[in-house]
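Undergrad: The structure that follows is given in the form of structure tokens.
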Amino acid sequence: MAMLLKKVWESVTNRRSSCPSSHVDSVISPPGYTKSPPPSSLGAFDRLPIDVVFQIVKLVGPKDAARLSVVCKSWRSLVSDDRLWIYFLQSYHDTWNSVFFAETNLQKFSSHIAKSSFMRIYRQRVQVPGAVIVDGGSGYYKFGWSKYACPSGRSATFSEFVNIEFPSYFRFRNFFATIYSRMQVKASAQPIVLSLPLRNYDDTESARASRRQLKEAIYTALFDMDVPAVCAVNQATLALYAAQRTSGIVVNIGFQVTSVVPILHGKVMRTVGVEVVDVGGLKLTEFLREQMQRNNINFRSLYTARTLKEKLCYIAADYEVELSKDTPASLEVPGEGWFTLSKERFTTGEVLFQPHIAGVHTKGLHEAVALCMDHCHAIGFTGDDTWFKTVVLSGGTALLPGLVGRLEKELHGLLPSSISKGIRVVSPAYGADTAWFGAKLIGNVS
């Protein structure tokens, strides 16, 4: 690279003549952004097609590309091209779409991106130290650094996240101290983005007080550990961010319950109401275990049933039709041997739509989502009634094949066409880690 930079400097010093305008087409620009005007002279590099020069600059990397910008005005014009820095931003673990979403939607002043070059945004994102991310679920919690591609660790959940009625300062402090110790970082070195399970769903004064009490206990514990900054956001909102949206309905199929959460511009619309279905991933696993025991299929642990659920089970497009089919499939579970399931493969997931088959007396998932949509439509917060027609799924169980199509089908059957037209269900891109990835966007924003 040093030789290349020397060659660039010598060529520009020896040759200051201008060159005809050229067009660089090697990178696609996002809508609304104009490329820099072509440089007038690049020294000896004028002999090369401009798209070849552009590819060379991409190969030298962002650090040396930035150095080229001080050689002369022509090189500065080329190197400051937004498309070059979009390319470098894409080299991060984050995709360009997620970077663009975070910079335009999760900033305090989101219009800043229209005023900043992507070269500057790249520089700022590199300088951002990142954040510790803790996603506290009701089944498992995940932790890691926002610069990582995925969570670096996970464990059985910290019960304090579930029982928020009486949060304990000392237990929170010990919990976070353990995480910082496992990550081998000082609490004072980096901010933390915390994902909170959605609890106390109501908009009553007591529910609001409980939520405040939980956050105060968390903030006190962390600030007493000299953490520089804390951002605590509920899992549903973070799942929506991970799907690169700020408005929609999030269906979070958690460990114990499923929450249907309407969110408008990043804010949970508790006045509309959060619907809760008393069926989560654990209930599906337990129901599969019961079916296996009923059919004399022997196994040693609930983990085996969970593995079979994740690998073999699916959601039937039409439950009654599926009952008439023969759908066997086999899987080898390490340490347990081979297992073959048939109707258990789709009767397990059917609990989401017909909880009564597992002995649970609650509304089905499709009924809860339809009720939430009906409430959103009736209240009419904005003139645009399409914001609630995007349904974002979240949670490991939400990855069951067939769930997206079945839920869309059931919603069209339950709702009038004025509401159901345009409904789209989005599968979770990150499964059980969806909220963690939503927090990651916040932790890396420039």
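Undergrad: Does LEU264 satisfy the criteria of being touching a residue at least 24 places away in the same chain (Cβ under 8 Å), open to solvent by less than 30 Å² (accessible area, probe 1.4 Å) and not assigned by the TED database to the domain that holds CYS376?
TA: Numbers: touching a residue at least 24 places away in the same chain (Cβ under 8 Å): yes; open to solvent by less than 30 Å² (accessible area, probe 1.4 Å): yes; not assigned by the TED database to the domain that holds CYS376: no.
So LEU264 fails the test.
Undergrad: Looking at (1) part of a helix (DSSP H, G or I); (2) in contact with a helix residue (DSSP H, G or I) (Cβ under 8 Å, 6 or more places away or on another chain); (3) open to solvent by less than 50 Å² (accessible area, probe 1.4 Å), which is the only condition ALA368 fails?
TA: (2)
Undergrad: Quickly run through the range 429-439 and pick out the residues that are open to solvent by less than 10 Å² (accessible area, probe 1.4 Å) and out of contact with any Cys (no Cβ under 9 Å at 6 or more places or on another chain).
TA: GLY431, THR434, ALA435, GLY438, listed by residue number.
Undergrad: Return the only residue of ASP374, ASP433, ASP384 being of a type in the set (Asp, Glu) and part of a loop (DSSP other than H, G, I, E, B). Break it down stepwise before answering.
TA: Working: ASP374 fails: part of a loop (DSSP other than H, G, I, E, B); ASP433 fails: part of a loop (DSSP other than H, G, I, E, B).
Of the residues listed, the single one that is of a type in the set (Asp, Glu) and part of a loop (DSSP other than H, G, I, E, B) is ASP384.
Undergrad: With the checklist (1) outside any helix (DSSP H, G or I); (2) open to solvent by 40 Å² or more (accessible area, probe 1.4 Å) in hand, flag the one item ASP51 doesn't pass.
TA: Unmet condition: (1).
Undergrad: Check the range 119-126 and report whether any residue there is open to solvent by 20 Å² or more (accessible area, probe 1.4 Å), at pLDDT below 85 and not in a helix (DSSP H, G or I). Outline the logic, then answer.
TA: First, the residues of the range 119-126 that are open to solvent by 20 Å² or more (accessible area, probe 1.4 Å): 119-120, 122-124, 126.
With at pLDDT below 85 added as a condition, the list becomes 119-120, 122-124, 126.
Within this subset, residues satisfying the condition of being not in a helix (DSSP H, G or I) are none.
Looking through the range 119-126, none of the residues is open to solvent by 20 Å² or more (accessible area, probe 1.4 Å), at pLDDT below 85 and not in a helix (DSSP H, G or I).
Undergrad: Kindly indicate whether PHE287 is surrounded by 14 or more Cβ atoms within 10 Å (Cβ to Cβ), outside the structural domain of ASP203 (by the TED database) and in contact with a Gly (Cβ under 6 Å, 6 or more places away or on another chain).
TA: Taking the combined requirement at face value, the residue does not satisfy it.
Undergrad: Among (1) out of contact with any helix residue (DSSP H, G or I) (no Cβ under 9 Å at 6 or more places or on another chain); (2) modelled with pLDDT under 90, where does ASN296 come up short?
TA: ASN296 satisfies all of (1) out of contact with any helix residue (DSSP H, G or I) (no Cβ under 9 Å at 6 or more places or on another chain); (2) modelled with pLDDT under 90 except (2).
Undergrad: Just the residues that are loosely packed, with under 15 Cβ neighbours inside 10 Å and modelled with pLDDT under 80, please, taken from the range 54-92.
TA: VAL70, GLN90, SER91
Undergrad: To continue, here is another question. As an exercise: evaluate THR204 against (1) touching a residue at least 24 places away in the same chain (Cβ under 8 Å); (2) assigned by the TED database to the domain that holds GLY144 and give the number of the one condition it does not meet.
TA: The one condition THR204 does not meet is (1).
Undergrad: Then there is this: So is THR178 at pLDDT 75 or above and not hydrophobic (A, V, I, L, M, F, W, C) or not? Before the answer, list the steps.
TA: Details: at pLDDT 75 or above: yes; not hydrophobic (A, V, I, L, M, F, W, C): yes.
It is true that THR178 is at pLDDT 75 or above and not hydrophobic (A, V, I, L, M, F, W, C).
The values are calculated or read from the model by the stated rules, or taken from the named source; none is laboratory data. These figures come from a predicted structure and were not determined experimentally. No Cβ is skipped: glycine too gets one built from the backbone with ideal geometry, and neighbour counts run over all protein chains shown. The area values use the complete protein model at the heavy-atom level, side chains included, leaving out ligands, DNA and RNA. Shrake-Rupley method; radii C 1.70, N 1.55, O 1.52, S 1.80 Å.
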